[in-house]
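Okay, so here's the structure we're looking at.
The values are calculated or read from the model by the stated rules, or taken from the named source; none is laboratory data. As the structure is a computational prediction, the values presented were derived from the model and not from experiment. Because the Cβ atoms are built from the backbone with ideal geometry, glycine has one as well, and the counts that use them run over all protein chains shown.
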Amino acid sequence: MRLTVLLIACCAGAPAMAIEPDAAARGLLAEARSFEHGEGVKRDSARAAALYCQAAKLGDADAQFSLAWMYANGRGVDRDDALAATFFDLAARQGHEHAQRMLRFTGEPTRELPLCMQDPPEPEPLPVRQADIDPDLEAAFGTTADRKRVIEIVRELAPHFDIDPQLVLAVIGTESNFNPKARSPKNAQGLMQLIPETAQRFNVRDTFDPVQNIRGGMAYLRWLLAYFEGDVVLATAGYNAGEGAVDKYKGVPPYRETREYVKRIQNLFGKTEHRFDQTVTTPSPALRTLLSRRG
């Protein structure tokens, strides 16, 4: 942050640094002056000090000087000679002549960034929730160290996409049999067999990198689940044949490969419905017809 650098410089005896105040700072400065002097608004020294501080944080020397004056005289804020010295020093180092003269009458500036100019603390990161995986399915898939690593990647990433990890493992097992270097005759690549167009669509640069590939595959699955409103059969048919083919045929396309693919996913996953995020995309225009045909 530029002002933090400036304050550190002032307290460390560094040479002056020029910072051009931007339009936002000037607007805050004008508003602060209005409240300080009661020009067009009711006088409110505390609010003026807060506005001066916002402008000072953006690097405005006039705001820094005005706030220093308020702290030096206890106007709208508790008198604090160290903070007054700090703000006079900040303004002086930007060439503010009045602030430079005031430095002769002030004490030492504070060594810390004033509270009103500090950024709020970063929130504590939430613990990463790892997804549960059926022990039998994990044992069936995790037969080697490399496969176990893939399972751990899925376990860690699935909550971020709000996807059941068992569905992801079913897709990986069916698509590539856990081979991160797999490549199909149609140039589908990696663990979740992303074609180049899908990889580009979901920002995957290296389809043979397991983490990138799984992220891209999960992103596509999440999109398909939203597009088909949680219908796992239609979503996985779309994953295999493309959502356009599902829309065209108003259901699972009459491709032998796709029908066998959906059947295998169902055998591994065992559920026909999945939660979905309706904010991801608008539903398939053919969805109502698809569902009514089932009914």
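Within the stretch 49-68, can you find the residues that are in contact (Cβ under 8 Å) with a residue 24 or more places away in the chain and either over 34 Å from the mean Cα position of the chain (by Cα) or under 20 Å from Thr106 (Cβ atoms) (or both)? Step through it out loud before you land on a result.
Within the stretch 49-68, the subset in contact (Cβ under 8 Å) with a residue 24 or more places away in the chain is 49-50, 52-66, 68.
Listed by number, the residues that qualify are Ala49, Tyr52, Cys53, Ala56, Asp60, Ala61, Asp62, Ala63, Gln64, Phe65, Ser66, Ala68.
Give me the pairs: first residue in the stretch 271-292 and in the same structural domain as Gly230 (by TED's automatic domain parsing) and more than 12 Å from Val246 (Cβ to Cβ), second residue of a type in the set (Ser, Thr, Tyr) and at pLDDT 90 or above, beta-carbon distance under 6 Å, and six or more apart or on different chains, which are they?
As it stands, the answer is Thr281/Tyr227, since those pairs meet every condition given.
Looking at (1) modelled with pLDDT under 95; (2) basic (Lys, Arg); (3) in a helix (DSSP H, G or I), which is the only condition Arg215 fails?
Of the numbered conditions (1) modelled with pLDDT under 95; (2) basic (Lys, Arg); (3) in a helix (DSSP H, G or I), the odd one out for Arg215 is (1).
Quick check on my filter: what residues within the stretch 209-244 are closer than 13 Å to Thr258 by Cα, surrounded by fewer than 23 Cβ atoms within 10 Å (Cβ to Cβ) and aliphatic (A, V, I, L, M)?
The answer is Val233, Ala241.
Can you tell me which of (1) buried (at least 16 other Cβ atoms within 10 Å of the Cβ); (2) in a loop (DSSP other than H, G, I, E, B) is the one Arg275 doesn't meet?
(1)
For the stretch 82-110, which residues satisfy the criterion of being more than 17 Å from Asp60 (Cα to Cα), assigned to a helix (DSSP H, G or I) and within 41 Å of the chain's Cα centre (by Cα)?
Once the filter is applied, which keeps residues that are more than 17 Å from Asp60 (Cα to Cα), assigned to a helix (DSSP H, G or I) and within 41 Å of the chain's Cα centre (by Cα), the stretch 82-110 yields only Ala82.
If you go through the stretch 40-60 one residue at a time, do you hit one that is in contact with a helix residue (DSSP H, G or I) (Cβ under 6 Å, 6 or more places away or on another chain), surrounded by 20 or more Cβ atoms within 10 Å (Cβ to Cβ) and farther than 23 Å from Met102 by Cα?
no
Give me the residue from the stretch 159-208 that is surrounded by 15 or more Cβ atoms within 10 Å (Cβ to Cβ) and free of Cβ contacts under 8 Å to residues at least 12 places away in the same chain and, out of that set, farthest from Gly244 (Cα to Cα).
Ala182
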